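Have a look at the structure below, then the notes.
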Amino acid sequence: MTEQPTPLFSRPWVRMGLLAAGAALATVLVMSLYANISTRKAEGRQTSLKVVDLDEKTVDPAIWGKNFPSQFDAYKRTAEKYSTKYGGAGSEGLPKSRIQEDPRLVTIFDGYAFAIDFNQRQGHAYMLDDQRTTKRVTTKPQTGACLHCHASNTVAYREAGLQKGAPGSLDEAFTSPNAQAQLMAGFEAIGKLTYVEATKLVKHPVACIDCHDPKNMALRVTKPGFIRGIVALARSGEPVPHLPSIEKWRKGDKATPYDANRDASRQELRSMVCGQCHVEYYCGPKTTLFFPWDKGLKVEQIEATYDAYTFPDGGRFFDWKHARTGAEALKAQHPEFELWSQGVHARSGVSCADCHMPYKREGAIKISEHQVRSPLLDISRACQTCHRFPEEELKARVVAIQDRTKALMDRAEDAVVDLINNLEAAKKAGVEEARLKPILELQRKAQWRVDFVNAENSMGFHAPQEAARILGEAIDFGRQGQIALRDLGAGKAAKK
Ligand code: HEC
Ligand code: HEC
Ligand code: HEC
Ligand code: HEC
Ligand code: HEC
């Protein structure tokens, strides 16, 4: 007896399967058609506006704005002033001087340009004008290196590099070896000019080309100080769990240096583009501008980098000699990238752009807020995507962190001012220079720490525990200095 097999396609389970597969296939087709239509729609909205061709020579953001009007409009709105309890430039009526607001700073920075003029930051639209007009520039000679973070200079550097004999042309892609050689040569050359000469070479504050590839709008870093600084950080071996691409590079053969534009993830670049400027740096006449990241990003690691550094003239690293005590002091500048690096947000993969450039919906597409400002003005988009607390509650948490930081910072500034006053008195009383030396070092350490938190612009929010740790150390070093003076008998001598 032969059993006639049922034809394959009439077997019930096969038929069911086919039906299901057919339905699935149809769904997939419809879905992909839909996806196709909607991306087309979104692309259409973006590319139908592609009215101009952008290339590596297009500096003027208004030209980029023809293709991307929404981002350009928001970018222009960085000219709007605002104030929060600790952020922004304040309202136009109020004094915006950080020295008038806190006279202790005049004592702490005595002998340095910051004691003359030190203002609240404001929006990106002002960065070039504010630098051109600050008394720190108009009454003191400064170098072209100041422009590194206050202008769109991606093209100016390359042009200057070409003039210095770097190979290739401006048409080459930014990441090509020739373009990189142009960039670095121009950066060195412009940094050596006087500020007055150098500033004639730039026209715009930070612009689209400094953060974006003109061909595909991908994020990129273009500032030489950052490109070199992040290479040094990668080489340091100091753990940076919040920057996984560096950890990955370290595990590789290290044949070529770490390159953010090749190695970093998009999420890392969403912080790195800001880290091009919102960082501690050396910028002065003695050597080329650099970011002090050779030993890591923490306050004492940066201090150790400076302590180990000697200038080309053989001298020890310091920013200025304190006018009253003679201490060789360090000035901290806006270490946002460094402090953020120590916080729970960085550790959880939250980038600067997540909070300061949150997504907003425009029609069918999501775009990034290019009006870079305080996230407290936009808590729903900046924070509530992750935190399900009411706006008022989130704001209260931020302000609580800031108030606590401020209270501790006040105590730390008091400690530094007291030490300065005691040191000055001891000098006047004739205590020998050699005996004061270790105490001047304590002034350097205490001041560097209090300044690190003061110059950082989030009033502790970017890493609350780290800020408190730093301020605790500042108070300790300041008071240790006073005790050491007392042990010398200098306190008594001073009172006479
Ligand atoms: C989790 C969200 C968050 C992240 C991530 C974050 N910030 Fe902030 N940032 C804040 C908040 C909140 C403030 C305080 C704003 C205020 O006081 O108005 C602030 C303040 C600032 C300020 C001063 C703003 C002002 O209005 O004066 C700057 C500059 C800044 N951040 C830069 C950065 C940079 C650069 C990074 C990345 C390295 C970063 N922030 C990462 C939330 C964040
Ligand atoms: C080219 C350097 C540069 C880059 C890149 C840069 N900033 Fe700034 N930023 C500045 C300068 C300079 C100022 C202060 C301008 C002034 O006060 O005139 C500033 C001011 C700010 C302020 C204060 C705004 C206000 O209105 O008070 C915030 C917030 C800020 N930046 C966040 C960021 C974030 C976030 C990024 C990355 C997406 C970023 N910045 C990238 C240089 C830069
Ligand atoms: C590594 C990047 C970088 C370099 C180099 C740099 N700045 Fe800035 N500057 C910033 C950032 C970021 C801010 C905004 C944050 C703040 O005000 O703390 C700022 C703010 C300022 C401001 C406005 C607030 C204030 O302090 O009064 C002035 C003026 C200024 N810089 C002048 C200078 C001068 C002069 C130089 C050269 C000695 C210089 N900058 C070099 C990044 C830089
Ligand atoms: C300080 C750096 C910075 C500058 C300057 C800047 N952008 Fe962006 N831009 C960003 C970041 C960060 C994103 C988010 C990118 C991402 O997540 O991939 C972005 C995203 C974009 C996108 C992709 C769509 C979107 O909105 O997310 C466009 C288009 C864009 N920017 C246009 C511009 C234009 C035009 C200018 C100049 C007027 C400009 N950008 C200036 C940092 C910058
Ligand atoms: C992309 C997600 C994300 C965004 C955006 C974000 N946070 Fe967070 N936040 C976290 C994570 C993750 C933690 C770690 C604690 C946890 O796991 O809940 C955290 C912790 C905190 C903490 C407690 C830790 C600390 O630093 O003391 C505060 C306060 C906070 N966030 C406030 C804010 C505010 C305010 C904003 C907006 C300016 C914001 N966050 C934006 C993810 C986010």
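Readers should treat all values here as calculations from the given coordinates under stated rules, not as data from a laboratory. As the structure is a prediction and not an experimental result, all values here were calculated from the model. We place every Cβ from the backbone using ideal geometry, glycine too, and count neighbours over all the protein chains shown.
Summing charges over all other residues whose Cβ lies under 9 Å from the Cβ of Pro292, with Lys and Arg as +1 and Asp and Glu as -1, gives -2. Measuring from centroid to centroid over Cα atoms, what is the spacing of the range 295-333 and the range 111-190 in Å? What the calculation gives is 23 Å, centre to centre. For His387 and Ala304, FRET efficiency with R0 = 45 Å and r from the beta-carbon atoms, rounded to 0.05? Here the calculated transfer efficiency is 0.80. Built from the Cα atoms of the range 142-261, the convex hull projects on average onto 8.3 nm², one quarter of its surface area. Length gained on full extension, Asp418 to Ala218, computed as 0.36 nm times the residue gap minus the Cα-Cα distance: 66.9 nm.
Note down, for the range 283-395, the three equivalent ellipsoid semi-axes (square root of 5 times each alpha carbon gyration tensor eigenvalue), biggest first, whole angstrom.
40, 15, 14
Express the C-alpha Rg of the chain as a ratio against the empirical globular expectation 2.2 N^0.38 Å, rounded to two decimals. So the chain has a normalised radius of gyration of 1.19. Summing charges over neighbours of Leu170, with a neighbour being any other residue whose Cβ is under 11 Å away from its Cβ, gives -3 when K and R count +1 and D and E count -1.
A straight Cα-to-Cα reach below 21 Å connects Lys254 with the lysines Lys295, residues fewer than 8 places away in its own chain not being considered.
Taking label points 7 Å from Cα along the Cα-to-Cβ direction, Arg262 and Glu197 give a separation of 3.4 nm.
In straight-distance terms, cross-link reach from Lys406 covers every one of the aspartates and glutamates whose alpha-carbon lies under 14 Å from its own, apart from those fewer than eight places away in the same chain; here that gives Glu101, Asp102, Asp414, Asp451, Glu456, Glu466.
Using alpha carbons only, the radius of gyration of the range 392-495 set against its Kirkwood radius gives Rg/Rh = 1.12.
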